[in-house]
Amino acid sequence: MRIGELARATGTTARALRHYEQAGLISCERASNGYRVYDERAVVRVGNIRYLLAAGLTLEDVRVFLPCLDGDVAAAPPSDKGLQVARERLMVLNARIAAQLQARDRLETALQQAVGGQAAESSDHRNTVSTYG
């Protein structure tokens, strides 16, 4: 099947497939006209790649799973290396989430202070107006 057919069959884009190919996760043959031609098994492999990416892994992380990308990755027993990669990625994600939460809290505090300052200024202005009004 050609790249467009594989993209449609897997719900991805031709650009993503070329990226997976460049990362060494999928391979293809070349037709005489230079078009990429993929084996039917590529549908399962791309599905597994997308499954792992959706779980939060990176393309580099997915490389660890190369030996089992042609099977049912979700149902396969995890390897020690696969578990190690998943744990490491989880630590990275947790650190990013913590940093984002801290940034959110700083922004929220700054907004509360800004709005609180505006409310105080508005209150002072109203008192001045009512005193002279």
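The values are calculated or read from the model by the stated rules, or taken from the named source; none is laboratory data. Everything numeric here is computed off the predicted structure, so don't read it as measured data. Quick reminder, even Gly has a Cβ in these numbers, built from the backbone with ideal geometry, and neighbours come from all protein chains shown.
Would it be correct to say that L17 is part of a loop (DSSP other than H, G, I, E, B) and closer than 17 Å to A54 by Cβ?
It is false that L17 is part of a loop (DSSP other than H, G, I, E, B) and closer than 17 Å to A54 by Cβ.
Restricting attention to the range 12-28, which residues are farther than 23 Å from P67 by Cα and among the small types (G, A, S)?
A14 - this is the single residue of the range 12-28 that is farther than 23 Å from P67 by Cα and among the small types (G, A, S).
Out of D105, D61, I need the residue that is closer than 30 Å to L6 by Cβ and modelled with pLDDT of 95 or more. Which one?
Checking each option against the conditions leaves just D61.
Taking the range 29-45 on its own, how many of its residues are within 20 Å of G71 (Cβ to Cβ) and either touching a Lys or Arg at 6+ places or on another chain (Cβ under 6 Å) or part of a helix (DSSP H, G or I) (or both)?
Total satisfying the criteria: 4.
When T13 is evaluated against the numbered criteria (1) surrounded by 15 or more Cβ atoms within 10 Å (Cβ to Cβ); (2) touching a helix residue (DSSP H, G or I) at 6+ places or on another chain (Cβ under 6 Å); (3) β-branched (V, I, T), which criterion, by number, is the only one it fails?
Here T13 clears every test but (1).
Which residue out of I26, I3 is closer than 16 Å to Y51 by Cα and in contact (Cβ under 8 Å) with a residue 12 or more places away in the chain?
Among I26, I3, only I26 is closer than 16 Å to Y51 by Cα and in contact (Cβ under 8 Å) with a residue 12 or more places away in the chain.
Name every residue in the range 29-54 that is without any contact (Cβ under 8 Å) to a residue 12 or more places away in the chain and under 24 Å from E88 (Cα atoms), in order of residue number.
The answer is L53, A54.
What are the residues in the range 47-71 that are surrounded by fewer than 18 Cβ atoms within 10 Å (Cβ to Cβ) and hydrophobic (A, V, I, L, M, F, W, C), if any?
If the condition is that a residue be surrounded by fewer than 18 Cβ atoms within 10 Å (Cβ to Cβ) and hydrophobic (A, V, I, L, M, F, W, C), then L53, A54, A55, L59, V64, L66, C68 are the ones that fit.
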